[in-house]
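The values are calculated or read from the model by the stated rules, or taken from the named source; none is laboratory data. Keep in mind the model is a prediction, meaning the values are calculated, not measured. No Cβ is skipped: glycine too gets one built from the backbone with ideal geometry, and neighbour counts run over all protein chains shown.
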Amino acid sequence: MSQDPSTAPVGAQEIVFDRVVKAYPGAAAPAVDDLSLTVPAGEICVLLGPSGSGKTTALMMVNRLAEPTGGDIRIGGRSVRDMDPIELRRSIGYVIQSAGLFPHQTIADNVATVPRVLGWAKKRTRERVAELLDLVGLPVNEFGGRYPAQLSGGQRQRVGIARALAADPPVMLMDEPFGALDPITREHVQDEFLALHDRIRKTVVFVSHDIDEAVKMGDRIAVLREGGRLAQYDEPRTLLKEPADAFVARFVGADRGLKRLSLLRLSDLEPAAAGEDSAGLPELPAEATLRAALSLMVAQGTDRVRVRGADDTRLGTVSLDAVRKAGAA
Ligand SMILES: Nc1ncnc2c1ncn2[C@@H]1O[C@H](COP(=O)(O)OP(=O)(O)OP(=O)(O)O)[C@@H](O)[C@H]1O
């Protein structure tokens, strides 16, 4: 199934894994086995699975850091086999867990790596570096001259993202990019990346072993099982509602009902009119998730919450029953 080019976001490209196999020499079984999936242009696909299920290997075959031993990978309709590996890697953003910044180069020089290799003029490179550092919230005047050791872990990860975006690649590969961050910084950088992605709409393949991260970041999630076989490829809602088998159900967790509620917002429901009796109810903004609403109702011992709209207008109330029905839909 190929994406209609007229609806594909500009500057992003579809990625197709077509019966891809990777058997490392001497290994008893393939690391990736018969993997077929399509990542539509501009979407984020999360490769999710337990340790050793072939996520990193699958990712590295896209930029040919690992060579497939069977099948094919196509980017924008072109087989990666037909592209020069060095050029291919320059045309794909790559972000890894440790950010992989050069410690003895300034932040600005780190971000300028690929434009320099591509021989961009100095002025163009300087402007691009400033634009990208701005985009990830690290203004060049303040951060450009620092060295990686003078940044926090979250800031280094953002520089890693800026560097990966430098040559405006149509595709980004991200291997547990936020794995080394503490939970609060991680949430923050995830939110920032999603906001950034809304603007730049690259095709992203993102490796994670964390179901919560996958549900939050992925337009689609590919669950891999031991031996690099695809267990399920679906949108997060579908994966949580209809896991394909016992392995996927176990992997997504017994609380998958709650996770589904975290994908829905109070603004997705039709609020009931707030009567006189709603005065003492706990209140949440309309953009709060149904999971947060449920949690608040449980904590406060109520069966309704009041919903607050933009400009602090009251929109009405949402009941426990409505939350339950939405979660089951
Ligand atoms: N260069 C290599 N040579 C031989 N075997 C390898 C090589 N790289 C990975 N493997 C094997 O391939 C399998 C898949 O590894 P891979 O790193 O792709 O899994 P993963 O799902 O990314 O794991 P993790 O979550 O632990 O990073 C493992 O059994 C691993 O030992």
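Checking the structure you have, find out if any residue of the range 160-170 is surrounded by fewer than 16 Cβ atoms within 10 Å (Cβ to Cβ), assigned to a helix (DSSP H, G or I), more than 16 Å from the ligand (Cβ to nearest atom) and not charged (D, E, K, R). No, because not a single residue in the range 160-170 is surrounded by fewer than 16 Cβ atoms within 10 Å (Cβ to Cβ), assigned to a helix (DSSP H, G or I), more than 16 Å from the ligand (Cβ to nearest atom) and not charged (D, E, K, R). Scanning the range 77-92 for any residue that is buried (at least 22 other Cβ atoms within 10 Å of the Cβ) and either more than 19 Å from the chain's Cα centre (by Cα) or part of a loop (DSSP other than H, G, I, E, B) (or both) turns up nothing.
Residue pairs whose Cβ atoms lie under 8 Å apart, separated by 6 or more positions or on different chains, with the first residue in the range 253-277 and in contact (Cβ under 8 Å) with a residue 60 or more places away in the chain and surrounded by 15 or more Cβ atoms within 10 Å (Cβ to Cβ) and the second not in a helix (DSSP H, G or I) and not charged (D, E, K, R), are LEU261/THR289; LEU264/THR289. Candidates are the residues of the range 93-114 that are crowded, with 19+ Cβ neighbours inside 10 Å, assigned to a helix (DSSP H, G or I) and of a type outside the set (S, T, N, Q); the one that is nearest to the chain's Cα centre (by Cα) is VAL111. Could you please let me know if SER278 is closer than 26 Å to HIS197 by Cα and of a type outside the set (A, V, I, L, M)? Taking the combined requirement at face value, the residue does not satisfy it.
Only one of ARG237, ARG186, ARG225, ARG201 is farther than 23 Å from PRO170 by Cβ, among the basic types (Lys, Arg) and touching a residue at least 40 places away in the same chain (Cβ under 8 Å). Can you tell me which? Of the residues listed, the single one that is farther than 23 Å from PRO170 by Cβ, among the basic types (Lys, Arg) and touching a residue at least 40 places away in the same chain (Cβ under 8 Å) is ARG225. Residue under question is ALA214, and the condition is that it be aliphatic (A, V, I, L, M), surrounded by 15 or more Cβ atoms within 10 Å (Cβ to Cβ), in a helix (DSSP H, G or I) and more than 22 Å from the chain's Cα centre (by Cα); does it hold? Judged against the criteria, ALA214 is not a match. When LEU59 is tested against (1) modelled with pLDDT under 95; (2) within 12 Å of the ligand (Cβ to nearest atom), only condition (1) is not met. Of the residues examined, VAL223 is not one that is in contact with a strand residue (DSSP E or B) (Cβ under 8 Å, 6 or more places away or on another chain), among the β-branched types (Val, Ile, Thr) and in a helix (DSSP H, G or I). Residues in the range 64-75 that are more than 14 Å from the ligand (Cβ to nearest atom) and within 16 Å of ILE96 (Cα to Cα): none.
Table: residues versus (1) touching a residue at least 40 places away in the same chain (Cβ under 8 Å); (2) among the small types (Gly, Ala, Ser); (3) not assigned by TED's automatic domain parsing to the domain that holds ASP219.
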| position | (1), (2), (3) |
| --- | --- |
| ALA29 | yes, yes, no |
| GLY49 | yes, yes, no |
| LYS55 | yes, no, no |
| VAL80 | no, no, no |
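Scanning the range 212-223 for residues that are under 22 Å from ASP33 (Cα atoms) and in contact with a helix residue (DSSP H, G or I) (Cβ under 6 Å, 6 or more places away or on another chain) yields ILE221, VAL223. Might you check whether a residue that is within 23 Å of ALA162 (Cα to Cα) and within 16 Å of the ligand (Cβ to nearest atom) occurs anywhere in the range 4-25? Looking for residues that are within 23 Å of ALA162 (Cα to Cα) and within 16 Å of the ligand (Cβ to nearest atom), one finds none in the range 4-25, hence no.
Inspect the range 261-282 for any residue being in contact with a Pro (Cβ under 9 Å, 6 or more places away or on another chain) and within 18 Å of ILE211 (Cα to Cα) and give the result as yes or no. Looking for residues that are in contact with a Pro (Cβ under 9 Å, 6 or more places away or on another chain) and within 18 Å of ILE211 (Cα to Cα), one finds at least one in the range 261-282, hence yes. Being in contact (Cβ under 8 Å) with a residue 40 or more places away in the chain and not assigned by TED's automatic domain parsing to the domain that holds LEU37 is a property that GLY316 has. Among the residues of the range 28-55, those identified as in contact with a helix residue (DSSP H, G or I) (Cβ under 8 Å, 6 or more places away or on another chain), within 15 Å of the ligand (Cβ to nearest atom) and assigned to a strand (DSSP E or B) are VAL32, LEU35, VAL46, LEU47, LEU48.
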